[in-house]
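Here the structure is laid out as structure tokens; the discussion comes afterwards.
The values are calculated or read from the model by the stated rules, or taken from the named source; none is laboratory data. Everything quoted here is computed from the prediction, not taken from an experiment. So basically every Cβ, Gly included, is an ideal-geometry build from the backbone, and we count neighbours across all protein chains shown. Each accessible area value is taken on the protein alone, full model and side chains, heavy atoms only, with ligands, DNA and RNA left out. Shrake-Rupley method; radii C 1.70, N 1.55, O 1.52, S 1.80 Å.
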Amino acid sequence: RTLLADRVGQAIARAHRRSGKLAVLFLDLDRFKNVNDSLGHAIGDLLLTAVAARLTACLRDEDTAARLGGDEFIISLPDVADPAEAASVAGRILAELAKPFKIGQHQLHADGSIGIALYPADGDTAETLMRNADTAMYHAKESGRANYQFFSTQMTERVSRRLATESDLRRALERGEFILNYQPLVNLATARIEGAEALLRWPQSGQRVMGPAEFVPIAEDTGLIIPLGEWV
């Protein structure tokens, strides 16, 4: 991680002198946790090693790939001519990861989601570029996984709203702010009510009521869905 930050910093300095561009790619494997949970960490480690080999095979000698931890990798692409070149590398990486991996007796898949940040448009420090590439990667996951997305300022605003919603969600659980609406289930043949659906709602200020489609995905990602489900 330290070597990566140093190399990205050097690439930024070189790009600044030459009025050039630099791309930083943030790769996160999709559903890698399932491999560790079902087959064990030893198999997971072998899969990560195989992923790293395919990843570096897609890069030039002057590029740098680093594993940050878990199933997260960052790639530095110095001296890219334009965003299309970064997109081409990202597409090549995704195509390689889409091919099955033979690990021992297992045939595994390790699709990935990639976020791309460009210097100087998306930041002028290694930390900023990596953070913005990380933000773009989450947008790629939300866009269906196994794809790449370029960073935009709108993504930052969206992440800020998501963090605010997560914080409000925690407080709402503590304060018991949720309500349940019960929708009757009617048998059309007999016109009799035979049951009801419990519909979760979250009242907001200004008489607005937030539906589950807005906050349940965040609850699932953060683990808050468990206490929320217990409350229901």
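How do the peptides 150-161, 68-79, 179-190, 207-218 rank, highest first, by the average count of neighbouring beta carbon atoms within 10 Å per residue?
Going by the mean number of other Cβ atoms within 10 Å, highest first, we get 68-79, 150-161, 207-218, 179-190.
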Item to check | Added length on full extension, which subtracts the Cα-Cα distance from 0.36 nm per residue, Val232 to Arg158 | outcome: 23.8 nm
Next on the checklist: Under a Cβ-only charge scheme (Lys and Arg +1, Asp and Glu -1), can you give me the dipole magnitude of segment 1-152 about the Cα centre, in debye to the nearest 20?
Outcome noted: 200 debye
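Over the chain, how many pairs of lysines fall under 22 Å by alpha carbon, counting only those 8 or more apart in sequence or from different chains?
Numbers: Lys33/Lys99; Lys33/Lys102; Lys33/Lys141; Lys99/Lys141.
Final tally of qualifying lysine pairs is 4.
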Checklist entry - Does anyone have the angle between helix 2-18 and the longest principal axis of the chain? Alpha-carbon axes, 0 to 90°, nearest 10? => result 70 degrees
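Semi-axes of segment 85-232's equivalent ellipsoid from the Cα gyration tensor, sqrt of 5 times each eigenvalue, largest first, rounded to whole Å? Please report the intermediate quantities before stating the final value.
Numbers: eigenvalues 308, 113, 39 Å².
Over the Cα atoms of segment 85-232, the ellipsoid semi-axes are 39, 24, 14 Å.
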Next on the checklist: Given N residues in segment 154-232, what is its alpha carbon radius of gyration divided by 2.2 N^0.38 Å?
Outcome noted: 1.36
Next on the checklist: At 1.4 Å probe size, with the rest of the protein present, what percent of the exposed accessible area of segment 96-158 is carbon and sulfur atoms?
Outcome noted: 47 percent
Item to check | Per residue, in Å², the accessible surface of segment 81-232 once ligands and nucleic acids are set aside, probe 1.4 Å | outcome: 59 Å²
Item to check | Folded to 0 to 90 degrees: helix 212-222 orientation relative to the chain principal axis, Cα | outcome: 50 degrees
Checklist entry - If you bin the C-alpha pair distances of segment 8-101 every 10 Å from 0, what whole percents do you get? => result 15, 45, 26, 11, 2
Checklist entry - Out of Ala121, Leu188, Leu173, whose Cα points farthest toward the positive end of the dipole of the chain (charges: +1 Lys, Arg; -1 Asp, Glu; placed on Cβ)? => result Ala121
Checklist entry - Given 0.36 nm per residue, what is the gain on full extension from Glu166 to Gln107 after removing their alpha carbon distance, in nm? => result 17.6 nm
Checklist entry - Which is farthest toward the positive dipole end of the chain among Leu199, Val216, Cys58, measuring Cα position about the Cα centre, with Cβ charges +1 (Lys, Arg) and -1 (Asp, Glu)? => result Cys58
Checklist entry - Pairing the Cα long axis of helix 41-57 with the longest principal axis of the chain, what angle in degrees results, from 0 to 90 and rounded to the nearest 10? => result 50 degrees
Checklist entry - In whole Å, what is the distance between the alpha-carbon centres of segment 158-183 and segment 72-131? => result 33 Å
